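Asks: If you scroll down you'll find the structure; I have some questions about it.
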Amino acid sequence: MSGRVYLVGAGPGDPGLLTARALELIASADVIVYDRLIPGSALDGARADAELLFAGKQGGGEQVPQEQTETLLLERAREGKFVVRLKGGDPFVFGRGGEEALRLREAGIAFEVVSGVTAGVAALAYAGIPVTHRGLATAVAFVTGRTGEDGELDWPALAAFPGTLVFYMGVQRLGRITASLIEAGRDASEPAAVVEAGTLARQRTVSGTLATIAGLVESAEVGSPSITVVGAVAALSEQLAWLPARPLAGLTVAVTRARAQASGLAARLRELGADVVQAPVVRMQPLPGPALDPASYDLICVTSPNAADELFARLLAGGRDARALAGARIASIGPGTTRALLAHGIVAEIEPERFVAEGLVEALVGVEAKCALIARARGGRDLLPDALRERGIAVDLLDLYETVVEPLDAATLARAAAADYVTFTSGSTVRHFLDAARARSNGADDGDHTGDGRAVLSPQTRIVSIGPVTSKTLREHGLEADVEAAQHDIDGLLQALLADASSRR
């Protein structure tokens, strides 16, 4: 039985421009075949068991032939899979979506097209350039800049076009494009601009005239992805630019925590102007276990947001809800866990000043209990249960989930290792990131997990640790945290990173 393929536009880069329909399909897909230019967090909502396949193209780098991509779509659909083909921008605007749709139709496979926001409009809008404007431009033409590859352009027709010209994929050929337009009769003094990485944190705009823009872009070392605009509207950029200056602008920050937990941190980093590399080296995997009856416990300690969610999954498995915890005092290790408990209708009575096991031990001094349950990850530290047992409290450990390795492609690992900052939120993210980086560089994991961590990071990369436990793991691997959060949660990590970036400006 054949499946179905969805050709989905993911927009130009800002995750906020993903459509509701795109997010819905990403969350439901069995298979996601994605391009290089999709938003960094576009895959965050994918199912944990979804097959994620890179099919992007990058000049001088990894290349997946179009024929191979189309064959892949056919194969997965014929297996009965729900396939999302996720493309930057709009699939039918220089996205080769039409070719893929024709191939699917010829093979008798059902498909649906989901439009996305195209960069030729959005990137310019983010730079303060409207593609049409009363009195300046009442028409717009979208043009491929791949001259000579997709066929020669009709330069006289473009030169005579009475409106805005928007070129995709043309930054490497900009000199040829501008010279051809001028030679065909376009006014050399007409305003022109190039927007690099439009809608992304590292967006920048270079402005000039049709005669000067190619030289200005070359001097500024503008790269792809970029959009070129020629026309009177290009001159509006200075008046209409609206993106504010942001404290992390121009910096790249790698996030190594599990994808499901990384989206909030990544979103906040982008809001601060950072170019975020999502390199989730671990993922959370629930552990099987019996339904939970908490009636015998008068103290329940919850050590992470994941533990909070899985605790309630165990309660629900037995037909119970938050009311079943009425006889116990609830202790949370920190604000993230407290928020997760609150989402399930529980207000934590106890939260430490320091969001680590040592802090929770201190917060529980003087709290009377006979029998305690500790909801945690498999392999968690024994500091808390040992401290409670020393006080004569019976303790049961409830291992609710474990962190497992999430494979990363070489390109993502390379970007993360070269980032200005790399963030670690647990010892497991340290271990698995370094293991993955060594395996990629050596071709195999040699089993030596300590002592040479700095070798896998670029010299300028600064290491950000969420707290002392994570910093200890870094030291065990030959690394020192350049930045350690004083408040051991995501808010504290962001505050520490911002302070460090500000001091180094």
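The values are calculated or read from the model by the stated rules, or taken from the named source; none is laboratory data. For clarity, every value in this text was computed on a predicted model and none was experimentally measured. Heads up, the Cβs are rebuilt from the backbone with ideal geometry, glycines too, and the neighbour counts pull from every protein chain shown.
Asks: Here are some conditions: (1) at pLDDT 90 or above; (2) outside any helix (DSSP H, G or I); (3) buried (at least 18 other Cβ atoms within 10 Å of the Cβ). Phe355 meets all but one. Which one does it not meet?
Replies: Among (1) at pLDDT 90 or above; (2) outside any helix (DSSP H, G or I); (3) buried (at least 18 other Cβ atoms within 10 Å of the Cβ), the lone unmet condition for Phe355 is (1).
Okay, residues lined up against (1) of a type in the set (D, E, K, R); (2) over 19 Å from His432 (Cα atoms); (3) out of contact with any Cys (no Cβ under 8 Å at 6 or more places or on another chain); (4) outside the structural domain of Leu373 (by TED's automatic domain parsing):
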| position | (1), (2), (3), (4) |
| --- | --- |
| Val277 | no, no, yes, yes |
| Gly289 | no, yes, yes, no |
| Asp293 | yes, yes, yes, no |
| Ser296 | no, yes, no, no |
| Ile300 | no, yes, yes, no |
| Ser304 | no, yes, yes, no |
| Ala308 | no, yes, yes, no |
| Leu311 | no, yes, yes, no |
| Gly318 | no, yes, yes, no |
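Asks: Quick check, is Gly145 modelled with pLDDT of 95 or more and out of contact with any His (no Cβ under 9 Å at 6 or more places or on another chain)? Spell out how you get there, then give the answer.
Replies: On the way: modelled with pLDDT of 95 or more: no; out of contact with any His (no Cβ under 9 Å at 6 or more places or on another chain): yes.
Considered against the rule, which asks whether it is modelled with pLDDT of 95 or more and out of contact with any His (no Cβ under 9 Å at 6 or more places or on another chain), Gly145 comes out as no.
Asks: When region 30-46 is examined, which residues are found to be in a loop (DSSP other than H, G, I, E, B) and within 16 Å of Ala260 (Cβ to Cβ)? Let's see the steps before the verdict.
Replies: From region 30-46, those in a loop (DSSP other than H, G, I, E, B) are 30, 35-46; that's our starting set.
Result: Gly40, Ser41, Ala42, Leu43, Asp44, Gly45, Ala46.
Asks: Being surrounded by 19 or more Cβ atoms within 10 Å (Cβ to Cβ), touching a helix residue (DSSP H, G or I) at 6+ places or on another chain (Cβ under 9 Å) and at pLDDT below 95: is that true of Val469 here?
Replies: no
Asks: While we're here: Could you tell me how many of the residues in region 328-350 are in a strand (DSSP E or B) and either out of contact with any helix residue (DSSP H, G or I) (no Cβ under 7 Å at 6 or more places or on another chain) or among the polar types (S, T, N, Q) (or both)?
Replies: Total meeting the criteria: 2.
Asks: To continue, here is another question. Taking region 215-256 on its own, how many of its residues are among the charged types (D, E, K, R) and under 22 Å from Gly145 (Cβ atoms)? I'd like the intermediate steps shown before the answer.
Replies: At the first step, the residues of region 215-256 found to be among the charged types (D, E, K, R) are 218, 221, 238, 246.
If we keep only those that are under 22 Å from Gly145 (Cβ atoms) too, we end up with 218, 221.
Within region 215-256, residues that are among the charged types (D, E, K, R) and under 22 Å from Gly145 (Cβ atoms) number 2.
Asks: Would you please name the residue that is farthest from the chain's Cα centre (by Cα), looking only at residues in region 474-498 that are crowded, with 19+ Cβ neighbours inside 10 Å and assigned to a helix (DSSP H, G or I)?
Replies: If we take residues in region 474-498 being crowded, with 19+ Cβ neighbours inside 10 Å and assigned to a helix (DSSP H, G or I), then Leu474 is farthest from the chain's Cα centre (by Cα).
Asks: Additional query: Looking at region 82-95, is at least one residue surrounded by 21 or more Cβ atoms within 10 Å (Cβ to Cβ), in a strand (DSSP E or B), touching a Phe, Trp or Tyr at 6+ places or on another chain (Cβ under 6 Å) and not assigned by TED's automatic domain parsing to the domain that holds Val166?
Replies: yes
Asks: Listed residues Val395, Val464, Val422, Val430; which is surrounded by 15 or more Cβ atoms within 10 Å (Cβ to Cβ), assigned to a helix (DSSP H, G or I) and modelled with pLDDT of 90 or more?
Replies: Result of the check over Val395, Val464, Val422, Val430: Val430.
Asks: Additional query: Here are Leu165, Leu200: which of them is within 15 Å of Ala122 (Cα to Cα) and in a strand (DSSP E or B)?
Replies: Sole residue among the options that is within 15 Å of Ala122 (Cα to Cα) and in a strand (DSSP E or B): Leu165.
Asks: Still on this structure, please answer the following. Go through region 98-156 and count every residue that is assigned to a strand (DSSP E or B) and either of a type in the set (A, V, I, L, M, F, W, C) or under 30 Å from Ala77 (Cα atoms) (or both).
Replies: Number of matching residues: 10.
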